[in-house]
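Heads up, the thing below is written out as structure tokens.
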Amino acid sequence: MSATDILELTASAAAAEIAAGSLSAAELFDVYQERAAADRAAGDHGLNCFTWVAESAPEAVVADKTAGNGARPLAGVPLAVKDLFCTEGVPSQSGSRILEGYLPPYTASAVSRLSAAGASLLAKTNQDEFAMGSSNENSAYGPVRNPWDRSRVPGGSSGGSAAAVAAGLAPWALGTDTGGSIRQPAALCGIVGLKPTYGAVSRYGMIAFASSLDQAGPLTRDVGDAALLLREMVGRDERDATSLQFPHPIELPTAERLDGVTFGVPEELTGEGIEAGVLESFHAALDRARDLGAQVREVHLAHAPHALSAYYVIAPAEASSNLARFDGVRYGYRAEEPRDLLDMYTRTRHDGFGAEVRRRIMLGTYALSSGYYDAYYGRAQRVRTKISEDFRTAFAAVDFILTPTAPTVAFGLGEKTGDPLSMYLSDYCTVPMSLAGIPAISIPCGLSRGLPVGLQVAGSAFSENRLLDVAHALEGALAFDGSPARV
């Protein structure tokens, strides 16, 4: 099989070829390793998707003769992993100078589970520093570029993972979603991105941003690949007290029709502020859903317009606490020749953290400070409860919620870096689902100005199987066949 033919395979199809004996896991790895290494070597002339690339196929992949017999269902298919997942002996830097060169002594549970299922670590992907950003311009290792148009952003914070999959530099990738960091870059890069129910996937070994929001999930070329990867990730982990036993096994989606399914469209997330071209693709997707037998009706998420404000209190507050550990004492970057302990703390954190991280730490520290805690953090948590109640009410009337994933298509590099509020609005449609802890998936649904548009489907907690089935049916009807130029 030629390299060109291999690159046309989805991850599921590649696993099937390995099982059939027509493709070796080592051959598959070599094709992607060569492409990933070339992009990393290209620096500013490439997409800058990776912070580390494996030099060769792991010995286990080369020697494995059982990849296709069912014992290892991921069959040695290479996996790109976001930089904030700890991987033993491999740089895990969370896109930050303060962790530059950090080699963890252990591996994150999500990565360990995928490795046990047969996935092989191909590369670590570039990201916004500590997952704080919507454009992947906040990385200490340079911005990632969108493979559809290199003058534009790929979205964030999992932009490196999304761009790598879209450009054919990795068959699939692992990302994290705190307020939209899987779904939004998936939309801007024209691929599939799934945020599972909060607690479905262990957070152990993920370098934390906001602990009550962070969740790992897949970025893939199609819905079937997302299901296959998620199936091996979910489950209770005694090392993460917030992880939960998934109530049923993840199944691969097969649905082709949507008869009996009712979608709710909230006017609060589908009106003002959404680009005309995005809305056009969204309404065309609603028509395809009706063609498949679904009913579409209006629902209300009354508190959704307040979600962004609540998120940008809660997430920075949790970040302020989580990032206090990076002080230059135990690991990571330390300021040179400090005058005293206070000077070391001050200069280490000032020099080690980028501007966006420093901004959010200060916002979070202020929100948690004496005299302001209840006025800001406490009130934001009450809004979060209201948002969850809105979703419960909506799901009593409809099966799923449909919205655009992002209010715009990919915007230009540098276009919003001077206006943080404009940048934060990129997560307007995704943040409510994160605050409620419910699953949501983004699938490509068309083009606007030659750039991908994402359709977001959200369901109630632990509805992943039905969600994947619905997304699979929509994916087939939408027949999105656009792809960026292979790099």
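Listed residues Glu251, Glu272; which is closer than 25 Å to Leu228 by Cβ and assigned to a loop (DSSP other than H, G, I, E, B)? Can you show your working first?
On the way: Glu272 fails: closer than 25 Å to Leu228 by Cβ.
Exactly one of Glu251, Glu272 is closer than 25 Å to Leu228 by Cβ and assigned to a loop (DSSP other than H, G, I, E, B), namely Glu251.
Okay, residues lined up against (1) closer than 15 Å to Tyr331 by Cβ; (2) crowded, with 24+ Cβ neighbours inside 10 Å; (3) without any contact (Cβ under 8 Å) to a residue 60 or more places away in the chain; (4) not assigned by TED's automatic domain parsing to the domain that holds Leu174:
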{"residue": "Pro91", "(1), (2), (3), (4)": "yes, no, yes, no"}
{"residue": "Ser94", "(1), (2), (3), (4)": "yes, yes, no, no"}
{"residue": "Tyr102", "(1), (2), (3), (4)": "yes, no, no, no"}
{"residue": "Pro105", "(1), (2), (3), (4)": "yes, no, yes, no"}
{"residue": "Val111", "(1), (2), (3), (4)": "no, yes, no, no"}
{"residue": "Ser115", "(1), (2), (3), (4)": "no, no, yes, no"}
{"residue": "Ser120", "(1), (2), (3), (4)": "no, yes, no, no"}
{"residue": "Asn126", "(1), (2), (3), (4)": "no, yes, no, no"}
Practice item. Could you list all residues from region 277-304 that are under 19 Å from Leu447 (Cβ atoms) and in contact (Cβ under 8 Å) with a residue 12 or more places away in the chain? Key: Gly277, Val278, Leu279, Glu280, Ser281, Phe282, Ala284, Ala285, Leu286, Arg288, Ala289
Review point. Of the residues in region 70-88, how many are more than 20 Å from Tyr32 (Cα to Cα) and in contact with a Pro (Cβ under 8 Å, 6 or more places away or on another chain)?
Key: 2
Review point. For region 341-352, does any single residue satisfy the condition of being crowded, with 21+ Cβ neighbours inside 10 Å and either of a type in the set (D, E, K, R) or over 29 Å from Gln456 (Cβ atoms) (or both)?
Key: yes
Revision key, fill the gap. For Pro247, the lone unmet condition from (1) touching a Phe, Trp or Tyr at 6+ places or on another chain (Cβ under 7 Å); (2) surrounded by 13 or more Cβ atoms within 10 Å (Cβ to Cβ); (3) touching a residue at least 40 places away in the same chain (Cβ under 8 Å) is (2)
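Here are Ala394, Ala375: which of them is among the aliphatic types (A, V, I, L, M) and either within 25 Å of His300 (Cα to Cα) or in contact with a Pro (Cβ under 8 Å, 6 or more places away or on another chain) (or both)?
Details: Ala375 fails: either within 25 Å of His300 (Cα to Cα) or in contact with a Pro (Cβ under 8 Å, 6 or more places away or on another chain) (or both).
On inspection, the qualifying residue turns out to be Ala394.
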Review point. Which one of the conditions (1) modelled with pLDDT under 95; (2) crowded, with 18+ Cβ neighbours inside 10 Å; (3) not hydrophobic (A, V, I, L, M, F, W, C) does Lys82 fail to meet, given that it meets all the rest?
Key: (1)
Exercise for review: Could you list all residues from region 359-387 that are farther than 17 Å from Glu318 by Cβ and surrounded by fewer than 16 Cβ atoms within 10 Å (Cβ to Cβ)?
Suggested key: Ser370, Gly371, Ala375
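Okay, residues lined up against (1) under 21 Å from His306 (Cβ atoms); (2) not in a loop (DSSP other than H, G, I, E, B):
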{"residue": "Ala410", "(1), (2)": "no, no"}
{"residue": "Glu415", "(1), (2)": "no, no"}
{"residue": "Tyr424", "(1), (2)": "yes, yes"}
{"residue": "Ile443", "(1), (2)": "no, yes"}
{"residue": "Leu447", "(1), (2)": "no, yes"}
{"residue": "Pro452", "(1), (2)": "no, yes"}
{"residue": "Gln456", "(1), (2)": "yes, yes"}
{"residue": "Phe462", "(1), (2)": "no, no"}
Point to revise | Test: Asp343 is acidic (Asp, Glu) and part of a helix (DSSP H, G or I) | key: yes
Practice item. Can you work out which of the residues in region 399-444 that are surrounded by fewer than 24 Cβ atoms within 10 Å (Cβ to Cβ) and among the charged types (D, E, K, R) is farthest from Arg288 (Cα to Cα)? Key: Asp419
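The values are calculated or read from the model by the stated rules, or taken from the named source; none is laboratory data. If you're wondering where the values come from, they're calculated on a predicted model, not measured in any experiment. In this analysis, Cβ positions are derived from the backbone assuming ideal geometry, glycine residues included, and neighbour counts consider all displayed protein chains.
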